[in-house]
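Chemist: One structure, as structure tokens, below. Some questions next.
Every read-out reported here was derived from the displayed coordinates using simple, explicitly stated rules and does not represent laboratory data. Values in this document were obtained by computation on a predicted structure and should not be read as measured data. When we count neighbours, we look across all protein chains shown, and the Cβ atoms used for this are built from the backbone with ideal geometry, even at glycine.
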Amino acid sequence: MAAAIGALTFLPAVQAQSQDAANADAPRSGGQLAPITVQGEADTPYKAEKSASPKFTAPLVDTPKSVTVIPQEVIENTASTTLTEALRLTPGITFGAGEGGNPLGDRPFIRGYDAQASTFVDGMRDIGATTREIFNIEQVEVTKGPDGAYGGRGGAGGSINLITKAPIAENFTNATLGLGTDNYKRATVDGNWLLGDNMAFRLNAMAHDADVPGRKAVDNSRWGIAPSFTWGLNTPTRITLSYYHLQTDDTPDSGIPFMYGNRVPAGVTAIRPVTVDMDNFYGLANSDFLKNRSDVATARIEHDISSNLTFRNTLRYTASDQRYIWTQPDDSQGNVNDGLVWRRANTRTSGVHTIANQTEIFGKANLGGYEHSFTAGIELSREKADNGTYTITSTLGSRSTNSCGLGAGAPSGYTCTDLYNPNPYDPWTGSIIEGERANHFKTTTKSIYAFDTIKLSERWMTNLGLRVDDYKTRYFNATTDVGRNDTLVNYQLGLIYKPASNGSIYVSYGTSSTPANAFLGQGSESGSLTPGRGGVGPNAAELGPEKNRSLELGTKWNLLDNQLAVNAAVFRIDTTNARVTMPDNTYAMAGNRRINGFEVGFSGNITKAWQVFGGYTFLDSEMRNTGATTDVTKGQEFPNTPKHSASLWSTYSVTSDFSLGGGVFIVGKQYGSNGAVRRYIPGYTRFDAMAAYRINRNVSLQLNLLNLTDKRYFTSTYSTHYAAVGAGRAAILSVNLKY
């Protein structure tokens, strides 16, 4: 892989240099790995004017909804390499944990609601359980609040849309090599080559290998490649073919157990993780693994019918695969009280295959005496998933033998280990057999949608959106076959007042629907088709979608000569028919949840040399009703929903060649569950820093110091068992080449 990257970096660079000698000093755009923003390359690289999705029919300043665009420059400056790392730049997003499904991949929560199934790539749903990379990402767009009109089925919190890199009409080759502490090694290349007047080829590739700072035995290894080809650049008709492949091979992190299992002292209502060395690893390094594979093939054709009207059709096939054996520190029998940890093996083997087609027409027109900016589309998709587990014959034990009565180490067959001095390399022998993927999920969706921004006058605009989905889903195995067919109707209404050309005040109302099987068995289903543990919810397939609605009042402004974007909003999100478990162990659509919140954000330049990106989110969440006779959860906060979160990243160009930067990330206390006894993780504040120096127009250096104070903190928590641990202090030095 390294040799391939080296060749791709050198040879096309020489070719591009000779072709562009006359324009050698012209600025390059569209490439990855530009760690230092040099004055003249881009006026406001931290500030986005528009969404890349045609469903957003107005500039962001005139869009009546909270939308955060994380641009490529911010991702690069912060040395983010995964989607999770990039999303920490946006307050109001936290990350969930679990014990099955997808506890180890991307599981973001937006405004308190699980958004794993609301992740999109170039506007098309990406349901697979995986950990996403950013080497082929141009920008990340986060839409907050119920947005069923934009994406169809989903939660109330919002959605994430990843915009990938595509061929453009210029030659460049950008490459980087990063080395750092904890055996950090990373190489990427981003090359774009014109093959004629109207054809271009682009290639992104990546190889990454590193340990996790501050964690014993945990490591990440992955590689990816993403070629794309476009015919018809700068012509009315454009055809783009692209392919994406990512493969990971990690040692999953077991986290830190909580203080108590089922032996909670009287009067204790909140439990935090046990106080131990934060380096402790409670897994079995000799047997644990996490392997993901993603393949995405896309064909897109665009045709400009006129200067104000464009037709686009996108066909995509996606295949994702996840396999893991993950040893979890189970505290369900109170072993932790005795200074011991039972190591339980959680296993999974799963695959997701999706084929989807999206046809859109978008543009501008004068109709009925008003200016319209519109998009209309039809989307068809079929998603299939197959899940299974591994059979482990070894000393790992089983759920029925989860007591550590024999003590740690050999007496327990290494199933149990010492709480304060666990040995991740305890001997392990036995067999691992991958089982049949015998649980099958299938969803077919037919959708039609339309959006229109109407300019009523110089001061007033309105934004309308409607989507109707025919949603048919099914779960089946050797003994069960259940399904549902629902019609999902969601809409977006917005009214915008423009007191000045550079600002707006808006009010918006939006809805979303969360139907059964929305996660296709790839996450923590809030609406499973099948009964839960112990036969809970035998009527699961009889219940319709949860309905969510949001009211938002906000304002957006482009300030300082259009260099700085600022926004603020207050909002309320309600779910009035949430699925809950009743006292007789049946499900009912009787739950009531609410979030009141406030958010501010900013991105862009304060001066020509000073750039900022960040914001603050306040979330006041409340469980209003769960259907229980004695509802101890009434009034409690949502899981994974801190009241306060904030982020700030800033860079300053000391000279035209030298920049300094830094960031602070603040997240408040989070609970993992609701109930009489609740497990939680404390809040934290983390600091990062960056320095970049441009040696010449082709070579630059970037140094990132992550978690400067070596803060030991927790990133997410499950309702029982364990809390996930944040990475310790790290340093990364990158050499960047641009031709």
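Chemist: So how much slack lies between residue 457 and residue 625, counting 0.36 nm per residue of separation and subtracting their Cα-Cα distance, in nm?
Modeler: The span from residue 457 to residue 625 would gain 56.1 nm if fully extended.
Chemist: Any idea what the dipole of the chain comes to, in debye rounded to 20, about its Cα centre with Lys/Arg Cβ at +1 and Asp/Glu Cβ at -1?
Modeler: The dipole of the chain has a size of about 1000 debye.
Chemist: Choose one of 280, 245, 213: the residue whose Cα lies farthest towards the positive end of the charge dipole of segment 162-293 (beta-carbon charges +1 Lys, Arg; -1 Asp, Glu; about the Cα centre).
Modeler: 245
Chemist: Quick one: which of 204-212, 262-270 comes out on top by average Cβ neighbours within 10 Å, and what's the full order, highest first?
Modeler: 204-212, 262-270
Chemist: I've got another one for you. Kindly provide log₁₀ I(q)/I(0) values, in the same order as q = 0.12 Å⁻¹, from the Debye equation applied to equal alpha-carbon scatterers of segment 209-351.
Modeler: Each listed q corresponds, in turn, to -0.69.
Chemist: For segment 235-308, what class follows from the C-alpha gyration tensor (a ≥ b ≥ c being the square roots of its eigenvalues): rounded when a/c is under 1.5, otherwise prolate if a/b is larger than b/c, else oblate?
Modeler: Taking the square roots of the gyration eigenvalues as a ≥ b ≥ c, segment 235-308 is prolate.
Chemist: Jot down the per residue volume, in cubic angstrom and as a whole number, of the convex hull over the alpha-carbon atoms of segment 172-250.
Modeler: Dividing the Cα hull volume of segment 172-250 by its residue count gives 85 Å³.
Chemist: With N residues in segment 475-588, what two-decimal value do you get for its Cα radius of gyration over 2.2 N^0.38 Å?
Modeler: Segment 475-588 yields a ratio of 1.56.
Chemist: Now for a separate question. Which of the peptides 496-508, 321-333, 240-252 is most tightly packed, and how do the rest follow, judged by the mean count of other Cβ atoms within 10 Å per residue?
Modeler: Packing proxy ranking, top to bottom: 321-333, 240-252, 496-508.
Chemist: What is the diffusion coefficient of segment 276-318 in µm²/s, taking the Kirkwood radius over Cα pairs and the Stokes-Einstein relation at 25 °C with a viscosity of 0.890 mPa s?
Modeler: 157 µm²/s
Chemist: If the chain between residue 367 and residue 315 were fully stretched, how many nm would it gain, using 0.36 nm times the residue separation less the Cα-Cα distance?
Modeler: 15.6 nm
Chemist: Now for a separate question. For the residues 429, 633, what sequence is obtained by ranking on other C-beta atoms within 10 Å, fewest first?
Modeler: Fewest-to-most ranking of 429, 633: 429, 633.
Chemist: Could I ask something else about it? How do the peptides 148-158, 556-566 rank, highest first, by the average count of neighbouring beta carbon atoms within 10 Å per residue?
Modeler: For the peptides 148-158, 556-566, the packing ranking is 148-158, 556-566.
Chemist: Another question, then. Over all alpha-carbon pairs in segment 689-739, figure out the percentage whose distance exceeds 12 Å.
Modeler: I get 70 percent for the Cα pairs in segment 689-739 exceeding 12 Å.
Chemist: Let me ask another. Return the subset of 165/556; 47/556; 65/144; 498/608; 144/547; 556/608 for which the Cα-Cα distance in this structure is over 18 Å, preserving the input order.
Modeler: Check vs 18 Å cut-off fails for 165/556; 498/608; 556/608.
Chemist: Would you mind classifying segment 423-529 by shape? Square roots of the alpha carbon gyration tensor eigenvalues, ordered a ≥ b ≥ c; an a/c under 1.5 is rounded, otherwise it is prolate if a/b is larger than b/c and oblate if not.
Modeler: It comes out oblate by the Cα gyration axes.
Chemist: Another one. Simple spin-label model, 7 Å along Cα-to-Cβ: residue 607 to residue 277 in nm?
Modeler: Between residue 607 and residue 277, the simple spin-label model gives 4.8 nm.
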